[in-house]
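Each reported figure results from applying straightforward, stated rules to the coordinates on display, with no laboratory input. All figures in this text were calculated on a predicted structure; none of them were measured in a lab. Note: ideal-geometry Cβ built from the backbone for every residue, glycine included; neighbour counts use all protein chains shown.
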Amino acid sequence: SERPRALSGIQPTAGSFHLGNYLGAIRQYVALQETHDAFYMVVDLHAITVPQDPAELRANTRLAAAQLLAAGLDPDRCTLFVQSHVPEHAQLGWVMNCLTGFGEASRMTQFKDKSAKQGADRATVGLFTYPILQVADILLYQADAVPVGEDQRQHIELTRDLAERFNTRFGDTFTVPAPHIVREVAKIYDLQDPSAKMSKSSATPKGLVNLLDEPNVSAKKFKSAVTDTDTVIRFDEADKPGVSNLLTIHSALTGTTIPELEERYAGKGYGALKTDLAEIFVAWVTPFRERTQEYLGDPETLDSVLAKGAEKARAVAAETLAAAYDRIGF
Ligand code: ADP
Ligand code: NA
């Protein structure tokens, strides 16, 4: 293929993706299908770095795949698969473990955050080496671009370092991927606490918009979003973070620019913006929920999409692994 290659992974989150996941990541995956030879995987190997219930993990992996398809990933235009279906990830992961310095791995700040959350005694070696498996994930596909959030920048730097180290020691084998995010992505904030990123681990569940919740539950969350005591609808992230967040979401869902929205809402109250946004979200999410349910209700189709995706992914991954193994002396 002439198109540059993109690779991204998404965790099999319990229950549902939220609006931040969609506007910050998934929507970008859908757009990249048009310009890139794109590989997307549900990263179940990464999920087990923290304790998982087997039945829930299996269900959440399928749920993640169903939502990605419902959001617009098209198996004819991209490769969608489950990480554990492609054994080369674990195999190249081991090789990369053996190229990484212990001190180098210890500098990964995400481990410090995540292990602190787990409790130091409960954090596993898998959680520690997680970024190194992520390196293997990317290098297996010779990815040029890695669409990730800012929090992953350090892991992409590690990927570049290890690709260059391997290439220098054993001969040119891996593409060194782009150091950072492919394009600006929308960052979505909590509707109740607009100083915090919308997150599945939100402290204020009313500020978290889950895509598979009943639409009227989400509509209420938009209508009771925290704004400020002023009345002017203007984009100003420092002084008006709540209103700015609502404008960002409105703009992302409708394609209307923020200046156009400021003009449209001139002289109108926050209530009008919130009510419109609730309606816009419900109109978008209703067909999304229906498509997700269709995929979940047709396990044969979902299995067949994921099996074909794994086959396409393996064709690339196996070739890369074979070249790496050969150079190492296996
Ligand atoms: P969470 O922060 O809820 O735990 P994840 O870490 O699983 O979500 O993120 C999955 C993807 O969604 C990542 O690409 C991440 O950058 C993106 N993402 C998560 N929350 C947001 C947000 N509030 N705004 C924009 N993108 C987000
Ligand atoms: Na996160």
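By the rule of a C-alpha distance below 19 Å, with chain neighbours fewer than 8 residues away ignored, the aspartates and glutamates paired with K312 are E2, E34, D37, D44, D74, D76, E88, D137, D144, E300, D303.
With a cut-off of at most 15 other beta carbons within 10 Å, and DSSP calling the residue loop, which trypsin sites (Lys or Arg not before Pro) in the range 261-296 qualify? Please list them.
Those satisfying the criteria are K268.
Each Lys or Arg adds one and each Asp or Glu takes one away; over the other residues whose Cβ falls under 14 Å from the Cβ of T231, this sums to -1.
Using the Karplus relation 6.51 cos²θ - 1.76 cosθ + 1.60 with θ = phi - 60°, the per-residue 3J(HN,Hα) values for the range 276-288 come to 4, 5, 4, 5, 4, 5, 4, 5, 6, 6, 4, x, 4 Hz, with x marking Gly and Pro. Separation of the alpha carbons by more than 22 angstrom is noted, of K114/K206; K221/K268; K197/K274, for K114/K206.
Amide H contacts for Y189 (H built 1.01 Å from N in the peptide plane; partners 5 or more residues away or on another chain; cut-off under 5 Å): M198. Rg and Dmax of the range 1-91, both derived from C-alpha coordinates alone, stand at 13.1, 42 Å.
Per the Debye formula on identical point scatterers at the alpha carbon atoms of the range 260-330, with no solvent, log10 I(q)/I(0) at q = 0.15, 0.18, 0.20 Å⁻¹ is -0.73, -0.82, -0.90.
How far, in nm, would the chain grow between W94 and K268 when pulled straight, counting 0.36 nm per residue and subtracting the alpha carbon separation? Length gained, W94 through K268: 56.8 nm.
222 nm [θ] for the chain, helices only, -39500 (n - 2.57) per DSSP H run of 4+, per residue, to 500? Present the calculation step by step, with values, prior to reporting the outcome.
On the way: 13 runs with 176 residues, N = 330.
Only helices count here, giving -17000 deg cm²/dmol.
For the chain, the longest principal axis of the C-alpha atoms and the axis of helix 153-170 are separated by about 20°.
Phi angles across the range 55-71 convert, under the Karplus curve 6.51 cos²θ - 1.76 cosθ + 1.60 with θ = phi - 60°, into 3J(HN,Hα) values of 5, 5, 4, 4, 5, 5, 5, 5, 4, 4, 4, 4, 5, 5, 5, 4, 6 Hz, Gly and Pro given as x. When each of D137, D76, D151 is scored by the number of other beta-carbon atoms lying within 10 Å, the sequence from fewest to most is D76, D151, D137.
Just to verify a number: FRET efficiency for E104 and T229, C-beta to C-beta distance, R0 = 51 Å, to 0.05?
Numbers: r = 49 Å, r/R0 = 0.96.
The pair E104/T229 has a calculated efficiency of 0.55.
Taking a Cβ cut-off of under 12 Å around H250, the surrounding Lys, Arg, Asp and Glu residues balance to a net charge of -2, with basic ones at +1 and acidic ones at -1.
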